[in-house]
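Q: Before I ask anything, here is the structure I am working with.
None of the figures in this text is laboratory data; all of them are computed from the coordinates on show. What you see is a predicted model; the values in this text were computed from it and never measured. Counting neighbours? That spans all protein chains shown, and the Cβs are built from the backbone with ideal geometry, glycine included.
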């Protein structure tokens, strides 16, 4: 018998990085968080370490960390820009990353330096396939 994890929720209209972060670009601001797939593999999130507003992030570089009962994982920015808002609710309620990774559990909002960087990210169908292949390999 083959055990399979429940399918992760992947939302249309977002862009996804291979390091399991999502980006929602609206107007001049991009919201970033970790995917349902990522939080599912992490397990119960107990602490989220996020940067200050005003800091700059580079594409592919770490801007914080998520600590779960299993492990601590870096969170990487899928695009570069200046942080304009940080989700302070995660200080009090880090579990929002588990219960609502795409809504209440977002991490940072940035003003992108180069919106064209979004073009290199995966859409929902590509990301779903990527996760299935990654899980099959483990």
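Q: With a 10 Å cut-off between alpha carbons and a GNM built on the chain, which of 26, 117, 52 moves the most?
A: Fluctuation is largest for 26.
Q: In what sequence do 69, 23 fall when counting other Cβ within 10 Å, fewest first? Each step should come with its number before you reach the end.
A: On the way: 69 9, 23 20.
Lowest to highest Cβ neighbour count: 69, 23.
Q: Give me 130, 47, 63 sorted ascending by neighbouring Cβ count inside 10 Å, so fewest comes first. It would help to have the intermediate numbers written out before the result.
A: Values: 130 17, 47 12, 63 22.
The fewest-first ordering by Cβ neighbours comes to 47, 130, 63.
Q: With label points built 7 Å along Cα→Cβ from the Cα atoms of residue 119 and residue 99, find their separation and express it in nm.
A: Between residue 119 and residue 99, the label points sit 4.1 nm apart.
Q: Using only the Cα atoms of region 90-138, build the gyration tensor, take square roots of its eigenvalues as a ≥ b ≥ c, and label the shape rounded, prolate or oblate: rounded if a/c is under 1.5, else prolate if a/b is larger than b/c, else oblate. Walk me through the numbers on the way to the answer.
A: On the way: a/c = 2.93, a/b = 1.14, b/c = 2.57.
Taking the square roots of the gyration eigenvalues as a ≥ b ≥ c, region 90-138 is oblate.
Q: While we're here: Could you work out how far apart the two model spin labels at residue 72 and residue 134 are, taking each label as a point 7 Å from the Cα in the direction of the beta carbon, and quote it in nm?
A: Using points 7 Å along Cα→Cβ, the separation is 2.1 nm.
Q: Let me ask you something else. Given axes a ≥ b ≥ c from the Cα gyration tensor, I'd like to know whether region 1-111 is rounded (a/c under 1.5), prolate (a/b larger than b/c) or oblate. Walk me through the numbers before you get to the answer.
A: Working: a/c = 1.83, a/b = 1.41, b/c = 1.30.
Taking the square roots of the gyration eigenvalues as a ≥ b ≥ c, region 1-111 is prolate.
Q: Using r as the Cβ-Cβ distance of residue 28 and residue 62, and R0 as 22 Å, what FRET efficiency do you calculate, to the nearest 0.05?
A: Working: r = 24 Å, r/R0 = 1.09.
Efficiency, from the Cβ-Cβ distance: 0.40.
Q: By how many nm would the segment from residue 126 to residue 88 lengthen if fully extended, with 0.36 nm per residue of separation less the alpha-carbon distance? Can you show the working numbers first?
A: Numbers: separation 38, 0.36 × 38 = 13.68 nm, distance 3.10 nm.
Full extension of this stretch gives 10.6 nm more.
Q: Equivalent ellipsoid semi-axes for region 47-138, as square roots of 5 times the alpha carbon gyration tensor eigenvalues: give them largest first, rounded to whole Å. Could the numbers behind the result be given before it?
A: Values: eigenvalues 94, 80, 28 Å².
In descending order the semi-axes read 22, 20, 12 Å.
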